[in-house]
Amino acid sequence: MAIRKADGSTAVDWQAVGQRTAPPHPVPSALTPLLPGGLRRGSTVSVSGSVSLLLALLGAASAAGAWCALVGFPRVSAEAAREYGIDLARLALVPAPGEGWTTAVGALLDSLEIVAVRPPRGRGLPPGDVRRLAARARGKDAVLVPFVPEAAAWPGADVRLHSSGGTWTGIGAGTGRLRARQVEVTAGGRGQAARPSSATLWLPADGGGIEPATPLADVIDIAG
């Protein structure tokens, strides 16, 4: 059913009211099997097990023009973010929001497209705050990305990404250098993400970034 103008064109299509028209944010190709629909606007996507996974998740969206924020990550450097494709010109860093943590995150969700947060250590957030932040993200078409210690530590997340393992390669018989780390990333959640999936990835890959865990090319180091 639609309300039409005098010339017959549609003024309001009631079937489309409430539907999101903006496309999802892109994700790196290595994460596409886990997030085939990209980063859906208005959703909450929790990440656990690896800060590198969180940065990689934001990289493609940032490179495509999304404004992002990192809240409560005192040890994440701008250089590390840039290695995963994050555009520093569109990145807000709030390493220590203090007692007003929830207020700061809510304000950022009002104005930015993707807000990655590390909840205050030593105390969990009240369930009401978790629900309000998720509602704020939905209402503003933002993406809330909590970094949590365990896969199920953020109640009600639409998607949960978890990284485990972490086998480095590159060191031979006392020579060489660390080149890449192989991890297992699993995805679960609710709705379209209810069916669990997993992928073996290089994180970081040889040369940086994130890639599927195909065999690395042999490298011969010549000294002298």
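Where a number appears in this text, it was derived from the coordinates with a stated rule and is not lab data. No experiment lies behind these values; they were computed from the predicted model shown. A quick note on method: Cβ atoms are made from the backbone with ideal geometry, for glycine too, and the neighbour counts reach across all protein chains shown.
A few remarks follow.
- Placing pseudo-labels 7 Å out from each Cα toward the beta carbon at A92 and D141 gives an inter-label distance of 1.8 nm.
- Put a plus charge on the Cβ of each Lys and Arg, a minus charge on the Cβ of each Asp and Glu, and nothing anywhere else: the dipole of segment 84-156 about its Cα centre is then about 180 debye.
- Gyration tensor (alpha-carbon) shape descriptor, segment 48-197, a/c threshold 1.5: prolate
- Extension gain, S111 back to T167 (0.36 nm per residue minus Cα-Cα distance, nm): 16.3 nm
- Treating r as the C-beta distance of R82 and R132 and R0 as 45 Å, the FRET efficiency rounds to 0.90.
- Counting 0.36 nm for each residue step from Q192 to R75 and taking away their Cα separation leaves a gain of 38.8 nm.
- Listed residues L55, A69, A89: farthest to the positive end of the dipole of segment 47-159 (Cβ charges): A69
- For segment 68-150: rounded, prolate or oblate by the Cα gyration tensor [a/c cutoff 1.5]: oblate
- Only Lys, Arg (+1) and Asp, Glu (-1) charged, at Cβ; segment 32-99 dipole about Cα centre in debye: 180 debye
- Cα gyration tensor shape for segment 41-82, rounded if a/c is under 1.5, else prolate or oblate: oblate
- Counting DSSP beta bridges with both ends in segment 66-147, the antiparallel % (nearest 5): 0 percent
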